[in-house]
Each structure stands twice: as C-alpha cells, then as structure tokens.
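Pasting a structure below so you can have a look.
The values are calculated or read from the model by the stated rules, or taken from the named source; none is laboratory data. Computed from a prediction, not measured in an experiment: that's the story for all the values here. Cβ placement follows ideal geometry from the backbone for every residue including glycine, while neighbour counts extend to all protein chains displayed.
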2 protein chains.
Amino acid sequence: MLIGELANRSDVPAKTIRYYEELGVLPPPRRTAGGYRDYDDTAVDRLGFVRAAQAAGLTLAQIRDVIALREGGIAPCSHVVALLNEKAEVVADQIASLRALQRELERLHEQARGIDPADCDPRSVCEVLAPRPGPVVRAAKE
Amino acid sequence: MLIGELANRSDVPAKTIRYYEELGVLPPPRRTAGGYRDYDDTAVDRLGFVRAAQAAGLTLAQIRDVIALREGGIAPCSHVVALLNEKAEVVADQIASLRALQRELERLHEQARGIDPADCDPRSVCEVLAPRPGPVVRAAKE
DNA sequence: CTTGACCTTCCACTGTGCTGGAACCCTTAC
DNA sequence: GTAAGGGTTCCAGCACAGTGGAAGGTCAAG
C-alpha cells in the first residue's frame, strides 16, 4: 500500500508518516519500482502503537527506543513500565504546579475585587497582579 | 544604572532584559554617551511586574499588551482580569487533561500487571501499551 | 500527449522564552 | 599602552511534534 492509503487507514498524515520514518519510529518500507514507499499491514499496527504510546504521554524519542528494543528481539515491557512510572511522576508534578497556579489565580481574583483602577499606581502597571506571597510559582510547562 | 546592575537588582539576566526590550515588554532606556543602556529605578518595578505576571501564567505577548495599555494611559485592570479568567479556564482544562492522563497511566499500570512479556505479540511492539478504551487522550501541552 | 492525482526530497517555519557565542566597542585602573 | 571587565549588535539554537511549500518524478486515464 502506498503512503496515502496508509495515511487514510491509520489516520496519520503522510507528512507525519515520513517524519516518523526519519525519527526511526517507523521502519523504512520497501519501495516500488518508481521509488514510492510501499507498506504492508504491519505499518498500520505500528502506527496504532505509536498513537497508544503518545496517549500515554511518551515522547517520540521514547517510543523510538521502545520500538528499537522490540526490533532488537527484546520484549520492552519492563522498560515501558519504567517509562510509565516516570511519566506518572512528571504528571503528578505538573498537576501540582497547575493547582498552585490555580490558587494564585484565585488569590489574584480576590485581590482584584478590592481594587479601584483609579487607585492604581502606573509604576506597578497594574496592581491586580501585585506580587505577594511567598515563593514565586512559575506556570507549569509542557 | 547600567544593564548589569539592573540584572543584579532584579535578578533577571542582562540577556533577558535586552530580549524583553526587543519584545516591547521593557521600554528602550536612554543611552550613555558610550552607547550603554542607562536605566532608572522604574525599570526594577517593571521587571517585578513582569515576573508577577509570568507567575500568573501570562505570556510575554500578553504582558506586553497590558503594558502598552498602561503606557497608552489606560488602566489595564479590567483587561488583566479578563486575561486571568481566560488563563483560569485554560489551567482548568490542562488539569483535566492531566488527570485523564493520570487515570490512563493507572489503567496501563494495572494492565501491565497481568502481562507476561513472553506472551507479547511483537506486532503490537508492547502490549503494556495496548490501546483500549474510548476517546484517545493526548498528553496536555503548554 | 497531456492532465491530474499521487508520490519524492529538501528546506524552512511554527510557538515560547530564553540562552550561547562571535566580533567588536567603552571605561577604568595600572 | 594595555588588560580586565563591563557593554554593544547580530545570528544561531534549544525542546517538541509536526506543518507548509517548492521543485520535480511516476503513473493511469482520456
């Protein structure tokens, strides 16, 4: 099957499929006489795996490594479990930061209630955002 | 004061200060005869505001716009409140996605318990990540 | 023989907030 | 005069997962 059909069947854009190949997430398929990529059905399974792994929050680099283990003849299960645990920690941290930010936003909301724009000292730009309490919390990333 | 002193006093790297100027977050200061940036004390306040606004999760572009209002003689308070509300919504969504991801990770953890690597069909790469239920949840971004 | 759909490669760009480095100028002390 | 320690500009790149577009090759139908 050509790349367009694979794209349709897997619901992954052809452009992305080529990108995955470049990253090593998808093995280079054989080519037709004309130089077109020619996939077999396992490519559909593979893309399904990639989607499942992304849904679990793995990066393409991690997914590539998992696949490399499998291609090297090693069942990657324990490696995958370790990745999932790692990810679970990261997610917990992210949730914690976001919750802290949520609290900060609530505080600012409260604070805004008590402010008359006319009282606002232009030097502070806007007192609604006046910094106050303890450790500064940066917005969570990723 | 020169940029280095401002950097020390505000705890923002000189490089970052120049970057903020380029973005329009900091007004271009006057220059010394030798071409050095020469700041007054208001620059320290301004950087304090930027940090507070970042702590509330605003982007530099949003911060720039808030500052532009203030420089245009308009008290930006109501605009800021709107931004904070917007941000609060985004944060709530992010927390929801991360929690969904957390549940998915727990599910996979459970699932992994019942799997013997030897049973794993290489076609699926690793059954620990076998997709299962309904809507696929992508990892939260930002 | 040409049109159109499909495929190929390659390079650049997106958003976000910086950071690093090169090559060069200014100021002060020695 | 020269060295150190500021400062200046501009260009490049980081992570991340793609996306857009140009220039061109392949293949089947009309």
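Going by the structure shown, is B:Val80 within 16 Å of DNA strand C (Cβ to nearest atom), farther than 30 Å from A:Ala92 by Cα and among the β-branched types (Val, Ile, Thr)?
On the way: within 16 Å of DNA strand C (Cβ to nearest atom): yes; farther than 30 Å from A:Ala92 by Cα: no; among the β-branched types (Val, Ile, Thr): yes.
Criteria not met by B:Val80.
Tell me which residues, restricted to region B:15-35, are out of contact with any strand residue (DSSP E or B) (no Cβ under 9 Å at 6 or more places or on another chain) and either closer than 20 Å to B:Asp65 by Cβ or surrounded by 14 or more Cβ atoms within 10 Å (Cβ to Cβ) (or both).
Within region B:15-35, B:Thr16, B:Tyr19, B:Tyr20, B:Glu22, B:Leu23, B:Gly24, B:Val25, B:Leu26, B:Pro27 qualify.
Could you figure out which of (1) closer than 28 Å to A:Pro122 by Cα; (2) more than 9 Å from chain A (Cβ to nearest Cβ) isn't true of B:Ala55?
(2)
Taking A:Asp93, is it more than 7 Å from every other protein chain (Cβ to nearest Cβ) and modelled with pLDDT under 85?
No: the conditions fail for A:Asp93.
Condition (residue is in a helix (DSSP H, G or I) and within 9 Å of DNA strand C (Cβ to nearest atom)) applied to region B:35-48: is it met by at least one residue?
No, the conditions are met nowhere in region B:35-48.
Is there a residue in region B:72-83 that is facing another protein chain (nearest Cβ under 10 Å), of a type in the set (Ser, Thr, Tyr), within 16 Å of DNA strand D (Cβ to nearest atom) and free of Cβ contacts under 8 Å to residues at least 60 places away in the same chain?
Within region B:72-83, none of the residues are facing another protein chain (nearest Cβ under 10 Å), of a type in the set (Ser, Thr, Tyr), within 16 Å of DNA strand D (Cβ to nearest atom) and free of Cβ contacts under 8 Å to residues at least 60 places away in the same chain.
Say whether the condition of being in contact with a helix residue (DSSP H, G or I) (Cβ under 9 Å, 6 or more places away or on another chain), modelled with pLDDT under 85 and more than 7 Å from chain A (Cβ to nearest Cβ) is met by at least one residue in region B:107-119.
yes
Any chance you could count how many residues in region A:27-53 are more than 13 Å from DNA strand D (Cβ to nearest atom) and of a type in the set (Gly, Ala, Ser)?
Residues in region A:27-53 being more than 13 Å from DNA strand D (Cβ to nearest atom) and of a type in the set (Gly, Ala, Ser): 2 in total.
Within region B:40-47, is even one residue under 28 Å from A:Leu98 (Cβ atoms), in contact with a Ser or Thr (Cβ under 7 Å, 6 or more places away or on another chain) and at pLDDT 95 or above?
The answer is yes; a qualifying residue exists.
Listed here are the residues, each with its yes/no results for (1) at pLDDT 90 or above; (2) farther than 30 Å from B:Leu129 by Cα; (3) in a helix (DSSP H, G or I); (4) in the same structural domain as A:Glu21 (by TED's automatic domain parsing).
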{"position": "A:Leu58", "(1), (2), (3), (4)": "yes, no, no, yes"}
{"position": "A:Ala61", "(1), (2), (3), (4)": "yes, no, yes, yes"}
{"position": "A:Ile67", "(1), (2), (3), (4)": "yes, no, yes, yes"}
{"position": "A:Val80", "(1), (2), (3), (4)": "yes, no, yes, no"}
{"position": "A:Ser97", "(1), (2), (3), (4)": "yes, no, yes, no"}
{"position": "A:Glu104", "(1), (2), (3), (4)": "yes, yes, yes, no"}
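Can you name the condition, by its number, that A:Ala139 falls short on among (1) modelled with pLDDT of 90 or more; (2) within 15 Å of DNA strand D (Cβ to nearest atom)?
(1)
Of all the residues that make up region B:1-16, how many are within 8 Å of DNA strand D (Cβ to nearest atom) and either touching a residue at least 60 places away in the same chain (Cβ under 8 Å) or touching a helix residue (DSSP H, G or I) at 6+ places or on another chain (Cβ under 7 Å) (or both)?
Here the count works out to 5.
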